[in-house]
Amino acid sequence: MMKNFILISTLFVSFIFVEKLTAQTVQQIAYINSNELLEAMPDKVKASNILIDLNQKYKDELKVMQNDYNKKYSDFISYQTSMAENIRLRRMQELYELERQINEFMKLAQQDVESQEKALIEPLRLKIKDAVYQVGVEKGFICIYDLANPAIAFVTPDAIDASGFVKQKLGIK
């Protein structure tokens, strides 16, 4: 009987000790800076070089288009007084069309560069997001804040959604 009492007492004290130890374990909140992580990734350098090369190709083509426009504009200004009215109007229309083409080219080039950037960078951001999630779970963090974006990058899967409590407090059903 005494052995059972000692055993039960020991188990009870052990249980209380473990419970207190668990309660004292501080769950941690952490932070990252996703921009710094992205910049440190080796694949980011490769993506940046691809984007720089693409930008340069568009700049070179734009320069050719602008040189063509500038030459035609210069010729037009130089000879406009000696041109027949129909020729002058046709050249003015040509210059207007070249301006429109340059503007359209710049717009499409910008869209293409943005699209390429998204295609190259988004997979890297997803890698970071996945790594943050894995670290959060492995290290037992409650949440991980991202300093680059005012947001929480990770919340423990064991977190409790308090929306119901808040709705109740607000009287929302």
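Odds and ends about this structure:
- Residues whose amide H falls under 5 Å from that of TYR31, counting only those 5 or more places apart or on a different chain, are TYR145, with hydrogens built in the peptide plane.
- Whichever lysines have a C-alpha closer than 23 Å to that of LYS129, once near sequence neighbours (fewer than 8 apart) are set aside: LYS44, LYS46, LYS118, LYS139
- Element breakdown for region 27-173 at a 1.4 angstrom probe: carbon and sulfur atoms account for 55% of the accessible area.
- Anchor LYS63: lysines whose Cα lies under 25 Å away (excluding residues fewer than 8 positions away in-chain): LYS71, LYS72, LYS107
- Taking 0.36 nm per residue of separation and subtracting the current Cα-Cα distance, fully stretching the chain between LEU108 and TYR73 would add 10.2 nm.
- The rule of thumb for compact globular proteins, 2.2 N^0.38 Å, goes into the C-alpha radius of gyration of region 24-173 1.89 times.
- Sites GLU97 and LYS63, calculated FRET efficiency, Cβ-Cβ separation with R0 22 Å, nearest 0.05: 0.70
The values are calculated or read from the model by the stated rules, or taken from the named source; none is laboratory data. Predicted model, so just to flag it, every value in this text is computed and none were measured. Don't worry about glycine lacking a Cβ; one is built from the backbone with ideal geometry, like all the others, and counts go over all protein chains shown. Surface areas here come from the heavy atoms of the whole protein model, side chains and all, with no ligands, DNA or RNA. Shrake-Rupley method; radii C 1.70, N 1.55, O 1.52, S 1.80 Å.
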